[in-house]
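Undergrad: Here it is: the structure, laid out below.
Read-outs throughout are calculated quantities, based only on the coordinates presented, and are distinct from any laboratory measurement. If you're wondering where the values come from, they're calculated on a predicted model, not measured in any experiment. In this analysis, Cβ positions are derived from the backbone assuming ideal geometry, glycine residues included, and neighbour counts consider all displayed protein chains.
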Number of protein chains: 2
Amino acid sequence: MGTINTTTNERFFVDYRITLNDGQDIKKIAQEICIEQTVEIPEDCVPQTHWDYGITGIVEDIIPSDKIKNQVLVSISYHCDISSYSVPQLLNTLFGNISLKNNIRIDNLRVPQSFSQLLPGPRWGIDGIREKLDVFNRPLTCTALKPVGLSSTELASMASQFATGGADIIKDDHGITNQPFAKFEDRVQRVQAAINEANAKSGTKTIYCPMLNDEPDLMKKQVDFCLKSGIEGALAAPMLIGCGAFVSLRRQTDLILMAHPAFAGTFFHSNLHGATPAFLLGRFFRLIGADISIFPNAGGRFSFTQEECNELSDALRMPDNNILPAFPAPAGGMRIERVSEMYEKYGKDTVFIIGGNLQQLSDDLSVATGLFLEAVRNCACATKEIL
Amino acid sequence: MGTINTTTNERFFVDYRITLNDGQDIKKIAQEICIEQTVEIPEDCVPQTHWDYGITGIVEDIIPSDKIKNQVLVSISYHCDISSYSVPQLLNTLFGNISLKNNIRIDNLRVPQSFSQLLPGPRWGIDGIREKLDVFNRPLTCTALKPVGLSSTELASMASQFATGGADIIKDDHGITNQPFAKFEDRVQRVQAAINEANAKSGTKTIYCPMLNDEPDLMKKQVDFCLKSGIEGALAAPMLIGCGAFVSLRRQTDLILMAHPAFAGTFFHSNLHGATPAFLLGRFFRLIGADISIFPNAGGRFSFTQEECNELSDALRMPDNNILPAFPAPAGGMRIERVSEMYEKYGKDTVFIIGGNLQQLSDDLSVATGLFLEAVRNCACATKEIL
C-alpha cells in the first residue's frame with residue numbers, strides 16, 4: 001500500500017440537511033458529496049491509498065429529519081488535513097463545489113480541539129466586553145453613525161451626542177467605509193476623539209467600531225491606523241472581505257469584532273439550500289472570531305423568522321469547549337418601542353442596535369440615546385424585581 | 001443648502017430583476033432599494049442635501065420582463081463615490097443588505113470609464129493568452145492535477161505527462177492548496193520544473209495555474225513565491241478569498257487569472273434571488289480581472305442550463321470599451337466524447353477543461369492528453385474546412 005503524508009488521523013464533522021426529490025437515494029447523494037468535496041474525480045479513479053487514509057469524506061450518519069418533508073440530516077466527516085488549516089479552504093471543503101448543486105443546507109460544523117488556532121472563536125466574548133464596558137446587568141446599547149455622505153466632522157458630532165447619551169457601542173453604518181465624504185483615517189480619528197471627550201465628561205465608556213471593508217493592502221493600513229489610534233473594536237462583513245480576512249483580524253489584533261451579515265443573504269433565502277442563519281451568522285461567524293454577530297431581527301425590514309433568530313442567538317451563546325460565547329445583535333429597522341419585546345425574546349446577553357429610529361426620536365441625539373438606554377435599563381430592572 | 005464633498009457627479013448603473021408578489025408596488029420596492037443600499041435610514045430622516053447630491057440610489061428605469069411572470073427589470077443608479085472605489089464596498093452597494101431580502105436578482109452592472117482602475121478587466125484576455133501559448137485557431141485544452149492527497153512528486157509526475165501530451169494549461173484541482181501532502185511552495189516548484197522539462201523536450205508551451213486559497217498574509221507569500229518561480233498563472237475562487245483579494249491579484253501581478261466558481265452557488269439556485277450566472281461568473285468576474293472563468297457546464301455534475309451557460313459565455317466575450325474579453329471554461333465532469341458537442345456550442349474562443357476523465361482514458365496521461373488535444377484539433381479543422 002502507498003503512503004500519504006498526513007499529520008493526523010483526526011476528522012471534522014459537517015451536518016448537512018439534504019432534501020430528496022422523488023426516487024433519489026440518500027446514500028448515493030451523500031457519497032457523491034464525500035467525493036465532490038475532496039478528491040473530485042470519478043469514484044473508479046480514487047486510489048486505494050486514499051480510501052485507506054480516509055482522504056475522501058466519510059458518511060458518518062443519516063437521520064430522517066422531522067422539519068421538512070423528504071429532508072434528511074447527513075453527517076459527513078473530513079480528514080482535518082484537507083482543511084489545509086486555512087479558513088478559505090475549510091469553507092471550500094464544507095460547501096465549495098456543492099454550493100453549485102441544489103437541496104443541500106449546512107446545519108452544523110463540529111471540530112476537534114486541534115482546530116483551536118484555525119477557528120479561535122471570540123477574543124473577548126460576552127464577559128470580556130462586559131468587563132471593558134463595566135456593564136453587567138442589562139443588554140448593551142449600540143447605535144450607528146449614518147447616513148453615508150456626512151463629513152467626518154458631522155459624524156464626529158453625532159458620535160459625541162450618542163456617547164453623551166450613554167451608548168455602549170457606536171458603529172459606523174456598514175456602508176460607510178473610505179468614501180471621499182469621510183475618509184477612513186480622518187473619520188476614525190475625529191470620531192474617537194469626540195467619543196473620548198464625551199466619555200471623559202460623563203464618566204461612562206463607549207466603544208467605537210469603524211467599518212473595515214477594503215481590499216487587503218488598504219485594509220491592513222486601516223487596521224494599523226486603528227491600533228495606533230486607540231480604537232478598541234471594528235465592524236466587518238465576513239462575506240464581503242472574505243472569512244479568511246475576518247479570522248486574520250481576530251488572530252492579528254485585539255479588536256472587539258462585530259460581524260455584519262451584508263452579502264450573506266443568498267445562503268438563507270431558500271430553506272432547502274445554503275446554510276441556516278444559525279450556522280453561518282451564528283456558529284461559523286463565532287468560530288472565526290465574531291464577539292458580536294449582527295442579524296436582521298424578525299419583524300424588521302428583512303425576512304428571518306423569530307425561530308431562526310432564536311436558533312441563531314443560541315448558536316452564538318451556547319457553551320462550547322474553549323470557544324467563548326458571543327453576543328447576538330438583532331437589528332434592521334428596530335425601534336425604541338420594541339425594546340421590551342426584544343428583551344423578552346433575547347434576554348440580557350444581547351446587543352440591541354437601534355440606528356435610524358434614534359434620529360426620528362429627537363434632533364438631540366444625546367436625548368434619543370438616553371431614552372434608548374432608559375428603555376433597556378427599565379426592562380432589565382423590571383425583570384430583576386420579578387426574579 | 002449644505003454641501004457634500006463629492007469628487008464627481010458620475011453614477012454607475014445596476015439592473016435588478018425583481019419579482020413581485022401579488023399587490024406589491026414596484027415603485028415602492030425600487031425606492032426602498034435606493035435607500036437600503038445607500039443612506040439606510042428612514043426616508044423622512046434623509047437630509048435634503050443627500051437628495052440634491054444624488055447620494056441615495058435613483059430609479060432610472062422600470063421595464064416589465066418577459067422571462068418570468070411578475071418579474072420587472074429595474075435599473076438603479078448609484079453615485080460613484082459611494083463605491084469608495086473599492087471592490088468590497090462596490091459589492092456592498094450592489095447587494096449587501098438586499099441579499100437578505102427576497103426576489104431580487106442582479107442582472108447587470110454598467111460602469112463609467114472612470115472605473116477602469118476599480119474594475120480593470122483581464123490583464124491578458126483571449127488574445128493575450130493565445131499569444132503566450134502561440135495557439136490561435138482552436139479552443140485551449142486544460143486539465144487538472146488531482147486528487148488531493150497525492151505528494152508534490154506525484155503531482156509533478158502527472159504534470160509532466162499532461163505537458164508531454166500537449167495540454168495548454170494545467171491547473172491545480174481547486175481543492176489542492178497548502179495541505180501537508182503537497183505544501184504550496186514545494187508543489188509549485190516541482191510542478192513548474194516538470195512542466196519546463198517536458199516543454200523543453202516537446203517544444204510546446206504549457207502554463208501552470210496553482211490554486212491560491214489562503215488567508216491574506218499567507219497568500220501574499222504564496223504569490224511572491226509564484227512570481228519569483230516563473231509561474232505565469234493562478235487559479236482562485238473569488239467567493240472564497242473575497243473579490244477584493246482577487247482584484248488585488250489582478251492589479252499587483254501579471255499572472256493569468258483563472259476564476260473558480262466554488263462557494264458562489266447560493267447566488268444561482270433560485271432564479272428569483274441572487275445573481276444570474278452571466279452576471280456573477282461572467283460580467284463581474286471578468287471586470288475584477290478573470291482571464292478565464294470556469295463554470296459548471298450544462299449536462300455535467302451541476303445544474304446550469306445550456307441557456308445560462310451561453311449567456312455566461314457571451315458576458316465574458318462580448319465587446320466592452322477597454323475591458324478585454326475573457327475565455328469561458330465549461331467544466332464539471334466533462335468527457336472527451338463531448339468535445340465536438342462543446343465545440344459546436346461554445347466555439348473556438350473557449351478553454352475546455354477535462355479533469356478526471358483523462359485519468360479514466362489511459363494510465364499514461366500523456367496519451368490521454370494527446371487524445372484530448374487531437375479531439376479539439378479535429379473539431380477546429382473540420383469547421384475550418386466547412387467555412
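Undergrad: If you average 1/r over every pair of different alpha-carbon atoms in the protein assembly as shown and take one over that average, what Kirkwood value in Å do you get?
TA: Details: mean 1/r = 0.0372 Å⁻¹.
That comes to 26.9 Å for the protein assembly as shown.
Undergrad: Just tell me how shielded A:248-258 is by partners: mean number of partner chain Cβ atoms within 10 Å of each residue's Cβ, no decimals. Mind showing how you got there, number by number?
TA: Working: counts 4, 1, 0, 2, 3, 0, 0, 0, 0, 0, 0.
So the per-residue partner count for this stretch is 1.
Undergrad: Let me ask another. For B:Gly274, enumerate residues with amide H under 5 Å from its amide H, sequence gap 5+ or separate chain, H modeled in the peptide plane.
TA: B:Ile104, B:Arg105, B:Ile106
Undergrad: Determine the shielding of peptide B:32-43 by partner chains: average, over its residues, the number of Cβ atoms on other chains within 10 angstrom of each Cβ.
TA: Mean shielding count: 5.
Undergrad: Let me ask something else about it. B:Leu227 to A:Asn322: FRET efficiency via 1/(1 + (r/R0)^6), r the Cβ-Cβ distance, R0 30 Å, to the nearest 0.05?
TA: Plugging the Cβ-Cβ distance into 1/(1 + (r/R0)^6) gives 0.15.
Undergrad: Net charge near A:Pro88, counting Lys/Arg +1 and Asp/Glu -1 over other residues with Cβ under 9 Å of its Cβ?
TA: Computed value for this residue: -2.
Undergrad: Using the alpha-carbon atoms, what tilt in degrees (0 to 90, nearest 10) does helix B:243-252 show relative to the longest principal axis of chain B?
TA: On a 0 to 90 degree scale, this one is about 60.
Undergrad: On a straight-distance basis, which aspartates and glutamates could pair with B:Lys69 in a cross-link, Cα separation under 18 angstrom, same-chain partners fewer than 8 positions away excluded?
TA: Correct list for B:Lys69: B:Asp15, B:Asp22, B:Asp25, B:Asp107.
Undergrad: Treating cross-link reach as a plain straight distance, find the aspartates and glutamates whose alpha-carbon is under 17 Å from the alpha-carbon of A:Lys183, omitting any fewer than eight places away in the same chain.
TA: The reachable aspartates and glutamates, counting only those whose Cα sits under 17 Å from A:Lys183, are A:Glu154, A:Asp172, A:Asp173, A:Asp214, A:Glu215, A:Asp217, A:Asp224, B:Asp81.
Undergrad: Could you work out, residue by residue across B:348-361, how many beta carbons of other chains sit within 10 Å of that residue's beta carbon, and then give the average as an integer? Display every interim value, and only then the final one.
TA: On the way: counts 0, 0, 0, 0, 0, 0, 0, 4, 9, 3, 2, 5, 4, 0.
Per residue, the average neighbour count from other chains is 2.
Undergrad: In whole angstrom, how far apart do the alpha carbon centroids of the range B:130-165 and the range A:309-387 sit?
TA: Between the Cα centres of the range B:130-165 and the range A:309-387 lies a distance of 56 Å.
Undergrad: Listed here are the pairs A:Lys132/A:Lys345; A:Lys171/A:Lys220; A:Lys146/A:Lys345; which of them are more than 21 Å apart at the Cα?
TA: In this structure, A:Lys132/A:Lys345; A:Lys146/A:Lys345 exceed 21 Å between Cα atoms.
Undergrad: Can you give me the Kirkwood hydrodynamic radius for chain A, using every pair of distinct Cα atoms, in Å to one decimal?
TA: 22.1 Å
Undergrad: Put the label 7 Å from Cα along Cα→Cβ for B:Asn137; what are its distances to the other copies, in nanometres, shortest first?
TA: 8.7
Undergrad: Tell me which of A:Val39, A:Phe95, A:Ser65 sits at the most positive position along the dipole axis of the range A:11-115, charges placed on C-beta atoms (Lys, Arg +1; Asp, Glu -1).
TA: A:Ser65
Undergrad: For chain B, with a Gaussian network of springs between Cα atoms less than 10 Å apart, report the residue from B:Leu94, B:Leu227, B:Leu145 with the top mean-square fluctuation.
TA: B:Leu227
Undergrad: Restricting the calculation to Cα positions, tell me the Rg (one decimal) and the Dmax (whole number) of the range A:207-352 in Å.
TA: Looking at the range A:207-352, its Cα Rg and Dmax stand at 15.2, 46 Å.
Undergrad: Right, here's the next one. Specify which residue in the list A:Met239, A:Val148, A:Gln252 is farthest towards the positive end of the charge dipole of the range A:125-386, using unit charges on the beta carbon of Lys, Arg (+1) and Asp, Glu (-1), about the Cα centre.
TA: Farthest along the dipole direction, towards plus: A:Gln252.
Undergrad: How far, in whole Å, is the nearest Cβ of chain A from the axis relating it by rotation to chain B, and which residue carries it?
TA: Rotation axis A onto B, closest Cβ, rounded to whole Å: A:Gly242, 1.
Undergrad: When chain A is treated as a GNM, springs tying every alpha-carbon pair under 10 Å, which of A:Ile26, A:Ile207, A:Ile176 comes out with the largest mean-square fluctuation?
TA: A:Ile26
Undergrad: Moving on to the next point. Report the antiparallel proportion of the DSSP beta bridges in the protein assembly as shown as a percent, rounded to a multiple of 5.
TA: 45 percent
Undergrad: If you put a point 7 Å past Cα along the Cβ direction, how far is that point for A:Ser229 from the same point in each other copy, in nm, smallest first?
TA: The answer, with the shortest distance listed first, is 3.9 nm.
Undergrad: Turning to a different aspect of this structure: Could you give the Stokes-Einstein D for the range B:188-285 in µm² per second, using the C-alpha Kirkwood radius, 25 °C, 0.890 mPa s? Kindly include the intermediate steps, with their values, before the conclusion.
TA: Numbers: Rh = 14.9 Å.
Answer from the Stokes-Einstein relation: 165 µm²/s.
Undergrad: Could you give log10 I(q)/I(0) at q = 0.12, 0.16 Å⁻¹ for the range A:88-183, computed by the Debye formula over C-alpha point scatterers of equal weight, without solvent?
TA: -0.73, -0.91
Undergrad: Relative contact order of the range B:119-260, please, whole-number percent, based on alpha carbon pairs below 8 angstrom and at least 6 residues apart.
TA: Rounded, it is 24 percent for the range B:119-260.
Undergrad: Report the local net charge at B:Asp320: Lys and Arg +1, Asp and Glu -1, summed over other residues whose C-beta lies under 11 Å from its C-beta.
TA: Working: positive: B:Arg110, B:Arg283, B:Arg286, B:Arg317; negative: none.
Neighbourhood net charge equals +4.
Undergrad: How large is the dipole of the range A:11-115 about the Cα centre if only Lys and Arg carry +1 and Asp and Glu carry -1, each at its Cβ, rounded to the nearest 20 debye?
TA: Values: 9 positive and 14 negative charges, 82 e Å.
Using Cβ point charges on Lys, Arg, Asp and Glu, the range A:11-115 gives about 400 debye.
Undergrad: Put +1 on the Cβ of every Lys and Arg and -1 on every Asp and Glu Cβ in the range A:125-386; which of A:Ile129, A:Ser313, A:Ser270 then has its Cα farthest towards the positive end of the dipole?
TA: Among A:Ile129, A:Ser313, A:Ser270, the one farthest towards the positive end of the dipole of the range A:125-386 is A:Ile129.
Undergrad: B:Arg105: net charge of surrounding residues, Cβ under 12 Å, Lys/Arg +1, Asp/Glu -1, itself excluded? All intermediate terms of the calculation are to be shown ahead of the outcome.
TA: Details: positive: B:Arg17, B:Lys67, B:Lys101; negative: B:Asp15, B:Asp107.
Taking every other residue near B:Arg105 into account, the sum is +1.
Undergrad: If you place +1 on the Cβ of every Lys and Arg and -1 on the Cβ of every Asp and Glu, how big does the dipole about the Cα centre of the range B:125-386 come out, in debye to the nearest 20?
TA: Value, rounded to 20: 160 debye.
Undergrad: May I ask you to work out the translational diffusion coefficient for the range B:11-115 at 20 °C, viscosity 1.002 mPa s, via Stokes-Einstein with Rh from the Kirkwood sum over Cα pairs, reported in whole µm²/s?
TA: 152 µm²/s
Undergrad: Then there's this: Considering Cα pairs under 8 angstrom that are at least six residues apart, work out the relative contact order of the range B:125-386 and quote it in whole percent.
TA: On the way: 487 pairs, mean separation 55.7, N = 262.
The normalised contact order for the range B:125-386 reaches 21 percent.
Undergrad: Sticking with this one: R0 = 35 Å: FRET efficiency of A:Glu337 with B:Ile63, Cβ-based, nearest 0.05?
TA: For A:Glu337 and B:Ile63, the calculated efficiency is 0.35.
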